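Encoded as structure tokens, the structure appears first; notes follow it.
The values are calculated or read from the model by the stated rules, or taken from the named source; none is laboratory data. Keep in mind that what you see is a predicted model, and the values were worked out from it rather than measured. Cβ placement follows ideal geometry from the backbone for every residue including glycine, while neighbour counts extend to all protein chains displayed.
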Amino acid sequence: MMRRLVLLPVLLGLLTGAVFATENPAAGTGVVIVLQNSSAHAAVDANALRRMLLGLIVEWPDGNRVRVALPSRESPAYETIGRQIFGSSGRGMTRHWLQKVFSGEAQAPSFIDSDAALIAEVLANPNMVGVLGSHPAELPGGLRLVTP
């Protein structure tokens with residue numbers, strides 16, 4: 001009985017730490033969605049952004065076409081994002097998008113090799129939403145991060 005009482009606070013501490021890490025990611029941890037911080041995108045929540053990454057929402061509220069940026073096979077985040085956003089593997093993420101493109105449901109995403117290149121692509125394209133493998137240590141002005 002005493003052993004259970006000792007383990008209970010330890011387990012609660014571990015679970016509480018996991019919840020706080022998800023709600024407020026520190027630099028270098030957790031998958032994050034990145035987009036330009038414009039008034040046209042201000043009302044879009046994390047759920048809608050995730051649906052954009054999945055190709056289920058193809059237009060911003062202002063009517064502009066959503067452009068998606070995902071990690072390429074060369075990116076260290078390829079498998080992580082496949083699992084966390086698509087519930088599959090990196091290959092499953094690619095297959096998901098091939099099906100969307102060939103069925104005419106969505107435009108092909110940009111597959112980018114690194115988080116730095118993905119950030120640069122989002123900065124250059126106001127209608128782009130991307131996903132990073134980790135929370136960046138520094139974020140250029142004009143971008144917004146959202147935890148999925």
Scan the range 106-135 residue by residue and report those that are in contact with a helix residue (DSSP H, G or I) (Cβ under 8 Å, 6 or more places away or on another chain), in contact (Cβ under 8 Å) with a residue 24 or more places away in the chain and surrounded by fewer than 18 Cβ atoms within 10 Å (Cβ to Cβ). GLN107, SER110, SER134
Cross-chain or 6+ apart pairs with Cβ under 8 Å, the range 87-101 first and under 12 Å from LEU53 (Cα atoms), then part of a helix (DSSP H, G or I) and polar (S, T, N, Q): none
Report yes if some residue within the range 85-93 is within 16 Å of VAL32 (Cβ to Cβ) and either hydrophobic (A, V, I, L, M, F, W, C) or assigned by TED's automatic domain parsing to the domain that holds ARG50 (or both); otherwise report no. yes
Criterion first (within 14 Å of PRO148 (Cβ to Cβ), touching a strand residue (DSSP E or B) at 6+ places or on another chain (Cβ under 6 Å) and at pLDDT 90 or above) does MET93 satisfy it? no
Which condition breaks for SER114 when tested against (1) among the small types (Gly, Ala, Ser); (2) farther than 22 Å from HIS41 by Cα; (3) modelled with pLDDT of 95 or more? (3)
